[in-house]
1. Say we look at region 55-72 and pick out the residues that are more than 18 Å from Ile125 (Cβ to Cβ) and of a type outside the set (Ser, Thr, Tyr); which of these is surrounded by the fewest Cβ atoms within 10 Å (Cβ to Cβ)?
2. Do we have Val130 as aliphatic (A, V, I, L, M) and either free of Cβ contacts under 8 Å to residues at least 12 places away in the same chain or out of contact with any Leu (no Cβ under 7 Å at 6 or more places or on another chain) (or both) here?
3. Which members of region 59-84 meet the condition of being out of contact with any Gly (no Cβ under 8 Å at 6 or more places or on another chain), modelled with pLDDT of 95 or more and within 29 Å of Leu134 (Cα to Cα)?
4. Cβ-Cβ under 7 Å, sequence separation 6+ or interchain: first residue in region 160-172 and more than 15 Å from Val137 (Cα to Cα), partner among the aromatic types (Phe, Trp, Tyr). Which pairs?
5. Name the one entry in Leu56, Leu35 that is within 15 Å of Leu168 (Cβ to Cβ) and modelled with pLDDT of 95 or more.
6. Here are some residues: Lys69, Lys114, Lys39, Lys138. Which one is in contact (Cβ under 8 Å) with a residue 60 or more places away in the chain, assigned to a strand (DSSP E or B) and of a type in the set (Lys, Arg)?
7. Name, by its number, the condition in (1) surrounded by fewer than 16 Cβ atoms within 10 Å (Cβ to Cβ); (2) at pLDDT 90 or above that does not hold for Glu90.
8. Counting just the residues of region 54-66 that are within 25 Å of Phe156 (Cα to Cα) and not in a helix (DSSP H, G or I), which one comes out nearest to the chain's Cα centre (by Cα)?
Amino acid sequence: MAILKYTAMGIAMLIVIILIYAFFRAKSTLVEVELTINKPVQDVYSFLSKLKNQDLYNKIRTLDTQMTKEFKGTDGEVGFIYSWASSVKEVGVGEQEIIRLVPFKRIETQIRFKKPFASNDPFTIILEPVDTTLTKVKFSYLLSMSYPTNIMLSVFSDRVYKRMQNNLLAAKSLLENQ
């Protein structure tokens, strides 16, 4: 009986320590990936500013060919919303909205997930011409998690980093092979 009592107290103390640790941990982190694409900034901007083109390079969107998609507005313009719903947990339910465009420099969007977890985070694409035929592209995502799930922030940021890196490499390949 004493062993059970001490085991339960040990588990309770461990949970309290984890909760205290999570209280002091960051609740958001900036995840960024960048590379250079061998295309003029106009071509890169034209392609990346259209959210429907993500179907061609965003690997998450290829996990469920049966997912429901809905579009509101004109793709490539402020206010355009790309919504999706999938029964595949990794894809989930959510939407992405173009909130600001600075032609040939920035594409700012808001990604709102509803399932498997709720979140509302900014995703930005920053373009910088290196010369007339090369463009530096940076994907930037501010990943946020509320207390106490923020304890998993570093695990999720690593996953997001790898996905963003793969997506940017796929976009690079598509653009350079056009």
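The values are calculated or read from the model by the stated rules, or taken from the named source; none is laboratory data. Fair warning: this is a prediction, and the values are worked out from it, not measured in the lab. Every residue, glycine as well, gets a Cβ built from its backbone with ideal geometry; the counts of neighbours run over all protein chains shown.
1. Let us first name the residues in region 55-72 that are more than 18 Å from Ile125 (Cβ to Cβ), namely 62-72.
Within this subset, residues satisfying the condition of being of a type outside the set (Ser, Thr, Tyr) are 63-64, 66-67, 69-72.
On the way: Leu63: 13, Asp64: 17, Gln66: 7, Met67: 18, Lys69: 12, Glu70: 10, Phe71: 12, Lys72: 12.
Among residues in region 55-72 that are more than 18 Å from Ile125 (Cβ to Cβ) and of a type outside the set (Ser, Thr, Tyr), the one surrounded by the fewest Cβ atoms within 10 Å (Cβ to Cβ) is Gln66.
2. Numbers: aliphatic (A, V, I, L, M): yes; either free of Cβ contacts under 8 Å to residues at least 12 places away in the same chain or out of contact with any Leu (no Cβ under 7 Å at 6 or more places or on another chain) (or both): yes.
Considered against the rule, which asks whether it is aliphatic (A, V, I, L, M) and either free of Cβ contacts under 8 Å to residues at least 12 places away in the same chain or out of contact with any Leu (no Cβ under 7 Å at 6 or more places or on another chain) (or both), Val130 comes out as yes.
3. Selection gives Thr74, Asp75, Gly76, Glu77, Val78, Tyr82.
4. Val160/Tyr141
5. Working: Leu56 fails: modelled with pLDDT of 95 or more.
Result: Leu35 is the single residue among Leu56, Leu35 that is within 15 Å of Leu168 (Cβ to Cβ) and modelled with pLDDT of 95 or more.
6. The match here is Lys138.
7. Single failed check for Glu90: (2).
8. Filtering first and then ranking leaves Asn58.
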